[in-house]
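Input: a single structure, listed below in structure tokens.
The values are calculated or read from the model by the stated rules, or taken from the named source; none is laboratory data. Small disclaimer: the values here were computed from a predicted structure and weren't measured. So basically every Cβ, Gly included, is an ideal-geometry build from the backbone, and we count neighbours across all protein chains shown.
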Amino acid sequence: MAQTVNPRPIPKVISEIVSRDLCIGCGACAPVCPSKALRMAWSANGLYQPQPAENACAGCGACLRVCPFASGLSSEADLPDEDVLAEDLTSIPSSRHDTNLGHYLSLHAGYATAFREFGSSGGTATWALSRLLEAGDVDAVFALAAVENRQDTHFDYLACRSADEVRAAARTRYYPSKLDQVIEFALNNEGRYALVALPCAIKALRLAQRMHPVLRERIVFVVGVFCGGLKTRYYTEYLAAAAGCRHEQVFSPEYRIKNPGSAADDYAFGCRDANGTPHTIRMRVLGDMWGTGLFKANACDYCDDLSSELADISVGDAWIPPYTADGMGTSIVAIRSAKAAALFDSGIRNGELVLEPLSAEQVNTSQRGNINHRRRGLAYRLLLARRRGDRVPVKRVRSARPLNPIFALIQRLRMRVRRLSHEAWLAQRERPGTDIYDCIMKKDLSRLHSITRFSYRLGGLVHWLKSRLQAF
């Protein structure tokens with residue numbers, strides 16, 4: 001009689017998260033797996049994802065306990081949310097809390113005088129990380145830096161050990177990244193390190209620090225960003241093709257080439273081809289690449305942390321007047337920890353930073369579109385998922401149908417455009433240009449833009465009518 005061979009166990013992060021298209025590719029699961037049963041690799045949807053390695057899975061569920069999107073999806077994933085994790089990190093009596101911004105000590109807008117030209121906005125994060133290195137507060141800064149002569153990626157985390165290396169890694173990279181090698185290094189090498197990451201990856205790190213306290217001792221400072229969503233690698237390929245460069249010949253992509261004589265949002269994408277020829281395109285020519293959901297990861301539609309609530313500092317663009325008129329860029333900075341507050345206070349005193357205080361209301365206004373998407377929009381997407389019978393993470397936002405049917409329609413269109421953008425690019429990918437992609441996307445994008453414009457105008461009219469009624 002033939003013996004029955006038990007099938008090899010599937011790692012739970014794959015069966016519970018990847019299978020539901022909820023993986024963001026942060027990579028935290030691979031280094032914490034005691035069986036070393038996971039490895040990170042590119043997936044067909046343009047993101048990093050965990051895949052089975054040679055070692056067999058022991059079924060312990062450690063991979064789920066560090067996943068930022070696993071909460072409520074299995075018994076191993078009864079995980080704390082950002083509010084609970086922040087309480088572990090925040091023990092300062094003067095800390096304030098805002099529903100959209102999380103815990104913070106102070107909020108600012110401004111720039112670093114010597115670093116502004118190198119940053120995507122005001123250069124404040126680059127300044128902070130450089131000062132930490134120079135003061136000996138950290139031994140290295142893990143930042144996403146350009147890598148040449150790599151066929152698998154344009155960027156990877158590098159250990160920067162000088163201010164010059166940090167400056168070379170400055171500017172936002174709208175490209176997938178993974179923390180597996182960073183966490184693996186920190187687990188096995190003594191030292192004090194700083195890290196720059198997205199909100200989802202920072203949550204994964206904080207969960208990993210609860211599992212392995214040595215990580216808290218070694219990764220001692222974290223810089224996060226105000227995040228509009230993670231773009232897949234196809235976003236970079238599309239931008240390069242729109243700029244006249246074949247996607248397989250893209251080198252040194254830059255996403256935020258400033259135009260100092262114009263407004264803050266008038267920036268360009270640029271890259272070089274295999275011959276070294278530069279290609280650029282103004283982003284305004286391409287239209288709205290963020291509010292539409294183009295090339296965004298599905299998991300981003302189930303994230304409620306827009307401001308990196310678990311970082312020591314969070315930085316973003318100051319999308320409010322008068323800062324929007326300055327093409328050099330202005331940072332919004334949320335200072336959350338005592339060590340960050342001391343660092344920035346010293347920078348203000350010695351003139352290295354030019355910062356003005358902001359209120360939570362001003363910062364919320366700056367991020368209004370993102371807040372709508374991650375609060376009212378998320379509530380509706382959770383409702384839609386429940387109606388479809390899809391299992392999605394437990395969030396701090398409760399599922400609800402918006403009172404405004406136009407807003408609900410916009411959310412459904414954004415979800416469709418997000419999915420369709422990847423399908424359209426795969427249809428285009430082996431051919432030069434963007435004509436096939438543009439043809440596939442034209443109808444849905446046009447409809448989304450038209451309804452969004454109508455919604456804005458209707459909202460403006462309602463606001464005007466309310467103000468007139470209050471005047472009587």
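Worth pointing out:
- Restricting the range 271-298 to residues that are in contact with a helix residue (DSSP H, G or I) (Cβ under 7 Å, 6 or more places away or on another chain) and small (Gly, Ala, Ser) leaves a set whose member that is farthest from Arg429 (Cα to Cα) is Gly291.
- Matching option when the condition is of a type in the set (A, V, I, L, M), within 30 Å of Leu132 (Cβ to Cβ) and touching a strand residue (DSSP E or B) at 6+ places or on another chain (Cβ under 9 Å), among Leu286, Leu310, Leu294: Leu310
- Which numbered condition Arg412 misses (of (1) at positive phi; (2) not in a loop (DSSP other than H, G, I, E, B)): (1)
- Which numbered condition Asn350 fails, given (1) without any contact (Cβ under 8 Å) to a residue 40 or more places away in the chain; (2) touching a strand residue (DSSP E or B) at 6+ places or on another chain (Cβ under 6 Å): (2)
- Every residue from the range 159-168 that is surrounded by fewer than 24 Cβ atoms within 10 Å (Cβ to Cβ) and in contact (Cβ under 8 Å) with a residue 40 or more places away in the chain: Arg167
- Total residues in the range 116-128, condition more than 19 Å from the chain's Cα centre (by Cα) and surrounded by 24 or more Cβ atoms within 10 Å (Cβ to Cβ): 2
- When Val214 is tested against (1) of a type in the set (A, V, I, L, M, F, W, C); (2) without any contact (Cβ under 8 Å) to a residue 60 or more places away in the chain; (3) surrounded by 21 or more Cβ atoms within 10 Å (Cβ to Cβ), exactly one condition is not met: (3).
- Annotation note: of Val363, Val354, the sole residue that is at pLDDT 95 or above, among the aliphatic types (A, V, I, L, M) and assigned to a strand (DSSP E or B) is Val354.
- Filtered by the rule that a residue be assigned to a loop (DSSP other than H, G, I, E, B) and not hydroxyl-bearing (Ser, Thr, Tyr), the range 25-49 gives Gly25, Cys26, Gly27, Ala28, Cys33, Pro34, Lys36, Ala37, Ala44, Asn45, Gly46, Leu47.
- The lone criterion from (1) assigned by TED's automatic domain parsing to the domain that holds Asp305; (2) under 28 Å from Cys303 (Cα atoms) left unmet by Leu426 is number (1).
- If you check Val392, Val417 for being outside the structural domain of Trp290 (by TED's automatic domain parsing), touching a Leu at 6+ places or on another chain (Cβ under 7 Å) and farther than 30 Å from Ile281 by Cβ, only one passes: Val392.
- In the range 123-146, the count of residues that are of a type in the set (S, T, N, Q) and on the phi > 0 side of the Ramachandran plot is zero.
- Of all the listed residues (Asp180, Asp152, Asp156, Asp139), the sole one being charged (D, E, K, R), surrounded by fewer than 23 Cβ atoms within 10 Å (Cβ to Cβ) and more than 26 Å from Val214 (Cα to Cα) is Asp152.
- Among the residues of this structure, Tyr437 does not count as one that is hydroxyl-bearing (Ser, Thr, Tyr), closer than 26 Å to Leu47 by Cβ, free of Cβ contacts under 8 Å to residues at least 60 places away in the same chain and buried (at least 16 other Cβ atoms within 10 Å of the Cβ).
- When the test is whether a residue is crowded, with 18+ Cβ neighbours inside 10 Å and modelled with pLDDT under 95, Glu87 does not pass it.
- Selection of the range 268-298 for residues being at pLDDT below 95 and of a type in the set (Phe, Trp, Tyr) yields only Trp290.
- Residue match in the range 392-409 (condition: part of a helix (DSSP H, G or I) and in contact with an Asp or Glu (Cβ under 8 Å, 6 or more places away or on another chain)): no
- Matching residues, the range 308-343, being within 10 Å of Val225 (Cα to Cα) and of a type outside the set (Ser, Thr, Tyr): Glu309, Ala311, Ile313, Val315, Gly316, Asp317, Ile332, Val333, Ala334
- Within the option set Leu310, Leu294, Leu353, Leu286, being among the aliphatic types (A, V, I, L, M), surrounded by fewer than 24 Cβ atoms within 10 Å (Cβ to Cβ) and not assigned by TED's automatic domain parsing to the domain that holds Ala385 holds for one residue only, Leu286.
- Qualifying residue in the range 236-247 (condition: of a type outside the set (Phe, Trp, Tyr), touching a residue at least 12 places away in the same chain (Cβ under 8 Å), buried (at least 18 other Cβ atoms within 10 Å of the Cβ) and farther than 23 Å from Arg418 by Cα): yes
- Some residue of the range 239-254 being closer than 20 Å to Gln151 by Cα, under 22 Å from the mean Cα position of the chain (by Cα), outside any strand (DSSP E or B) and modelled with pLDDT of 95 or more: yes
- In summary, Tyr380 fulfils each of the numbered conditions (1) among the aromatic types (Phe, Trp, Tyr); (2) closer than 21 Å to Ser177 by Cβ; (3) assigned to a helix (DSSP H, G or I) with the single exception of condition (2).
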